[in-house]
Each structure stands twice: as structure tokens, then as C-alpha cells.
Amino acid sequence: MSDTIEKRQNPFFEPYKTPHDTAPFDRIRMEDYEEAMMEGIRRDKEYLEKTINNPEKPTFDNTIINKDDDDNGYYDLLDRVTTVFYNLVSAETNDEMDALATKMSPILTQHANDMRLNEKLFERVKYVHRHHRRLTPEEKRLLDDCYEGFVRSGALLSKADKDRLRQLTEEASLMSLQFSQNLLKENKAFMLHISDEQQLAGLPQSAIDAAALEARQRDLTGWVFTLDAPSYSPFMTYSTQRELRRQMYMAYNTKGIHDNDSNNLAICQRLINLRREIAQLLGYKTYADYVLKRRMAHNVRGVYKLLNDLIDAYKPEAVREKEELKKYFHAKEKSTATMEPWDIGFYSHKLKLKKFNIDAEMLRPYFQLDKVIDGVFGLANRLYGITFRENGDIPVYHPDVKAYEVFDRDGSYLAVFYADFHPRKGKQGGAWMTQYQGQWIDRKGENVRPHVSVVMNLTKPTDDKPALLTLGEVETFLHEFGHALHGMFSNCRFESLSGTNVLWDFVELPSQFMENFAIEKDFLRTFAFHYETGEPLPDELIRRITKSRNYMVASACMRQVSFGLLDMAYYTQKDTFTHDIIPFEKKAWAKAIIGKQRDDTCMTTQFSHIMAGGYAAGYYSYKWAEVLDADAFGVFKRHGIFNQQTAQRFRDNILSRGATDDPMTLYKNFKGSEPTIDALLKRNGIKRKAK
């Protein structure tokens, strides 16, 4: 044995030597992150100096894409380490990671500003933008995006204004991080601990078993319910204990407004003002004007047209739905009691059961997660010919995570796909798709394939049952898998234009499109088998699913529209925002709200999408993309939902093209015409009002 111990190398500093160069999660230690980030910043600065001091005349090749000459990922270090780190801050964090994220936020933002606001670099970019060789359409789009990116980041500002912009962006970055950390703390701080079995009345056995498991994991007796979706949603839907439903509802809807260290009210107010000032510094009236210049909607007017058209079409039906539910509530309660928000899920479910004899728990035994995975992968195979093979040699960041190799129709390697299904302590709520490596084609012609990840919070298995999902969770899986396909099919030359790097009101098209399959009989027939008997989901249940698909659809639409209105109200502010968040919120979305509002709850302080998730002035995108997805699925319905020629057109014109062309052009290349709202109205059974 040698007397010397070989010094351990930071895994980010050397070739990964893993299958497909996947992130070496099994070798990364906490101390590796900061060391690699600081070294990555140093290398970025080295690259910057090399570029701006190049004595040759600026060209597209030596200025815009010279980083492609990178040898063995030397200059990609910062991107690689921050991608891993911040993905894990969302999916598998702890106090130490949160503290490091807080520490590094101003450092990384300052560094990004140093790059974007470097005058010499911008002068080279500006020169290339005005004097360049003949470019391919994709090269031209990259150059335009690069130039505009510098301008939108303040390259044309005076030195004083650049300094101010630095301050604003650094603070905004830190505020967004604090918002997310506070929200996670609030979510994890609450539990409803039940020791009296009678208080479980009405709950399905699946929810009771999950709550018993949660209690045991916390070294408690009885049952524990949390604010995680697989626990919260069944409780609010099935519990007969009105007071306990109230407690759960109020805990969920007061996150971020308690008098504690996790209060987000001041943070929200500050973020709104920071973004307004950033936009105005850059020459825009409002932050919404700044954002929408790079969206399909183009401007504030376009967004409000969509939201108002939806209000006109859906609100009368939403009012009718609410009145029907209130009538049912009073009939069941046999009193004049007021229907409260914590009653809506419970009585809405009861009414749906009465009208359609359909219930999420009836379907749950047929949606065993392992079978759902087979069904979703099988759908991708049937449409696009791709196959998935689990590979235990690919490192993962938690035992819950599964890693797959994805192969194309011709057997060639296409992508790595990570799937992270269940809630746990260090994981944010909700569901999302992300990447650990993007797709691009290097100068040698090698097509570097993506490493795509889907993170969800689906129902967990219990001691005696596998993970059994609701239909809504199946839809969530399909939604995120649609994003994953968008990433995996990418076939672009430049990473910044590849995959899901598209305009934000286009990015939801591939995901929402996939949700349409959830109620299609021919798809359900491929995987929906009872986990105990193996019997297929009965035709009668499928018929009831289809018949009930538009139950409360107008109310659901108004809920989404209300969020869009709230988002726009905050980010169309021209003057300093001094309003109290809670009353402002109630007024902002009132046009889409049916019934009386509560003054002791708040959405804004937990609205991650618009405060910390990149959807600020962009939440309308979900409804915008819903118009697109209904229109696109109509094409599949006309030609057959598994029609491979239609699927290939969708892949060739949308899923593989990233941001290499205008999104409306891509859509028209697929369908042959622009989308209209008619397909969405038809799908939802909504009739336009006569003008």
C-alpha cells in the first residue's frame, strides 16, 4: 500500500466517465458545488478576456459561437455545476444547500451581469449583428437572439444605469430564492395529526394508508396529513369532517402570510417593484411590456383579449355551475349555512358522483404507477417509435429516481430520461420538467443528446399497496412527459435554441397536448388494468370518464383566468407598488371570481410561477397554449389519435425544432393554418354568446 493518499478530485473538474456523460450524483459532495462554481466563474472570465482581446475582426464564428471550440467542457463548467445544483435545490434540498444557494445568488447574478454588461463584448456582438457573413436561418436567429439578449440585459444603458441594473437584478434573484425557500418551509411546517379514528370518516383507504405511513415515518402514532398534493387533495375531497377540512384549507391558503420568518408579503411587494424598475430602466412602461415583447401574444392588449374572450365565453357557465353546486350543498346540509371554500371540493365531488357515478377512487386501482409508466412509454412508442430502457448504471440523486436510456425508431440513442415520482421532505411541491444537459450539434457534427428529467409529487406506495394514481395524476404525468418529449426530440444546432428554450406561451403546447390522451379509450386500454385482478378498466367507467370530462370545466377555466388577471395586474404597474397584497389580489381578479372572497387567505404569497418560477407576466400562457393544444389534438382526432404520419409532422415541425423559427410559423407548418379558440370551446362544450 502506498504511503501517500491520492487527493480526491472534484468530480465537476474531470470527465464524468458515466453512461452518456450523465451527472455523477454518486460522487458529488456538498463542498464540491461552491468550489466548482467559483472555478467556473474564473473560467468564464478567462473566456471573456480571450474573446474581447481577439485581434481578429469580429465574426459570427469567433464571437457568437466561439465557445463551441471548448475542449472537454472546460468553459462549460459553470453551466454544468449550476444546472445540477439548482435542479437539486428544487428536487432534493436541505438546509446546507439552501444556505449555499443564498450565499451564491448575488455572486452568480453579479457574474452574469459582468458578462452581459461588458461593453467590449457587446461592441463585438453589435459589429457582427451589422456585418456578418451569409447565415443560415438558424444562425441568423441565434445572432438576433444574442444581440437582443444583450440589449434586453442593459447593454445600451449608461454606466450609472448599468450599475443600478446590477443592483436590481441581484436583489431580484435573491428575493426569488427567499420566496421559494419560505414557501417550502411553510409547506413542510404544517401537519394535521389525527389520533381519533372517527375523524377519518369519509376518507378512502388509500388516503388513510398513506397518512398512517406518513405518521410512522415521523415516529408518530395515528395518521398525518400534509399540504403535499397527494395528501391534501383526497382529504379536501372526501373528509366528512368539515372543521378539519377548514383547518387544512386555511393552512394551505395562508402560506406566506403568517407572522413568522417565512412571511412572503414584503418579498412579493419588493419583487413587483424590482421588476417594474428593471423594465423601466430598459425603456419599457411596465414589466409586462418588457416580457411580452418576447411572447406570441406580443403585448398586453393581446393577453387581455384572450382573458376577456375566455371570461365572455365561460363565465355564464361558471355562474350556472356554482349555483347548481350551492343548491346541492343546501339540499344536503338542509340548512341556510354558507358554502365555504373548504366545502367546494367535498360537495363538488358528491355532485359529480350523483350526476355521473364517477369517482377518482373508483379509477385508482386501475392506475398502478408501474403500469402507467408502461402506458405512457408505450404511447410514445406507438406515436414516434421510441423505446425506454431502465439503466441502473446511470447515477441518480435519490433512490426514488429512475434513469432510462431512450432509443429512437432506428435503434439509435436519443436521450437520457430521469423520472422522480414521489413527494419527500427536501422536494418542492408541484411537478416540472428540467434538464441536466441540453441538445446541440458540435462543430465536429456530433449530435449531443439531452438528459431530461421529470419531477412530480404523485401518490406514494404504502406498506401493502403499490403506488395507485388518480386520473388527475395520470394527466400530470402526461403533461410533464410532453415537456420531456419536447426536450428529447430536439434536433437543433445551438443549445440556446434547442428543446424547450422556446417562447413561454408556446412551451406549454407539447405538454398540454399530451393530456388529451388521458381519457382516450384506445390509450387507456393499453395500461389501465386492476392492480389485483388484472381486469381492464371497464368500458362503462371509460364512458363515464368521457361523459364527465367537462364537469365544472367553466369554473376551472375561470380559476386559471383569475390567476392570469392577477399576474397581469401586478406586472402592468407603472408606478411604485405600495398596495397591500391581500386586498389588491382580491380586486385584481374579481372579474373572474364567482361568489364572495375571503379576506384572510392569499394566493400571491405562494404563487411560485409568477414570483419565482419565470412566469411573471406570463401566466396567461397556460390558456394560450390550451387553445393551441385543443386545435392540434383536433388534427390527431381527424386522422386517428395514433396516426404516425400526423405524429411525425408534429415531431418534425414542433417537437424537434426548438426556437429555430417563429412559433406560429412552426404551428402553421404542422397544421396548415393558424389555431382558433373554436376547438377549445368545442372540447369543453361551451357555446359562444351571440354578439
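The values are calculated or read from the model by the stated rules, or taken from the named source; none is laboratory data. Everything numeric here is computed off the predicted structure, so don't read it as measured data. We place every Cβ from the backbone using ideal geometry, glycine too, and count neighbours over all the protein chains shown. The accessibility values were calculated without ligands, DNA or RNA, using every heavy atom of the protein model including side chains. Shrake-Rupley method; radii C 1.70, N 1.55, O 1.52, S 1.80 Å.
Some values worked out for this structure:
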read-out	value
Some residue of the range 70-90 being basic (Lys, Arg) and either buried (at least 20 other Cβ atoms within 10 Å of the Cβ) or closer than 23 Å to residue 126 by Cα (or both)	no
Restricting the range 164-186 to residues that are open to solvent by 30 Å² or more (accessible area, probe 1.4 Å), of a type outside the set (Lys, Arg) and more than 23 Å from the chain's Cα centre (by Cα), the residue that is farthest from residue 93 (Cα to Cα)	167
Qualifying residue in the range 239-249 (condition: surrounded by fewer than 21 Cβ atoms within 10 Å (Cβ to Cβ), aliphatic (A, V, I, L, M) and within 25 Å of residue 599 (Cβ to Cβ))	yes
Filtered residues of the range 115-132 (kept if basic (Lys, Arg) and modelled with pLDDT of 95 or more)	120, 124, 126, 130
Residue match in the range 261-269 (condition: open to solvent by less than 30 Å² (accessible area, probe 1.4 Å), out of contact with any helix residue (DSSP H, G or I) (no Cβ under 6 Å at 6 or more places or on another chain) and part of a helix (DSSP H, G or I))	no
Conditions (1) open to solvent by 30 Å² or more (accessible area, probe 1.4 Å); (2) touching a Ser or Thr at 6+ places or on another chain (Cβ under 9 Å); (3) assigned to a loop (DSSP other than H, G, I, E, B); number of the one not met by residue 233	(3)
Residue in the range 668-679 that is in contact with an Asp or Glu (Cβ under 6 Å, 6 or more places away or on another chain), of a type in the set (Gly, Ala, Ser), open to solvent by less than 20 Å² (accessible area, probe 1.4 Å) and closer than 26 Å to residue 303 by Cβ present	no
Matching entry among 454, 502, 448 (being at pLDDT 95 or above, among the hydrophobic types (A, V, I, L, M, F, W, C) and open to solvent by 20 Å² or more (accessible area, probe 1.4 Å))	448
Check on residue 148, touching a Lys or Arg at 6+ places or on another chain (Cβ under 7 Å) and either more than 21 Å from residue 263 (Cα to Cα) or outside any helix (DSSP H, G or I) (or both)	no
Members of the range 471-521 found to be in contact with a Phe, Trp or Tyr (Cβ under 7 Å, 6 or more places away or on another chain) and among the β-branched types (Val, Ile, Thr), listed by number	474
Residue 305 being without any contact (Cβ under 8 Å) to a residue 24 or more places away in the chain and open to solvent by 20 Å² or more (accessible area, probe 1.4 Å)	yes
Residue pairs meeting the criteria (Cβ under 7 Å; at least 6 apart or on separate chains; first part of a strand (DSSP E or B), in the range 418-443; second open to solvent by less than 30 Å² (accessible area, probe 1.4 Å) and among the aromatic types (Phe, Trp, Tyr))	440/494
Complete set of residues in the range 285-302 that are open to solvent by 50 Å² or more (accessible area, probe 1.4 Å) and more than 24 Å from the chain's Cα centre (by Cα)	285, 301
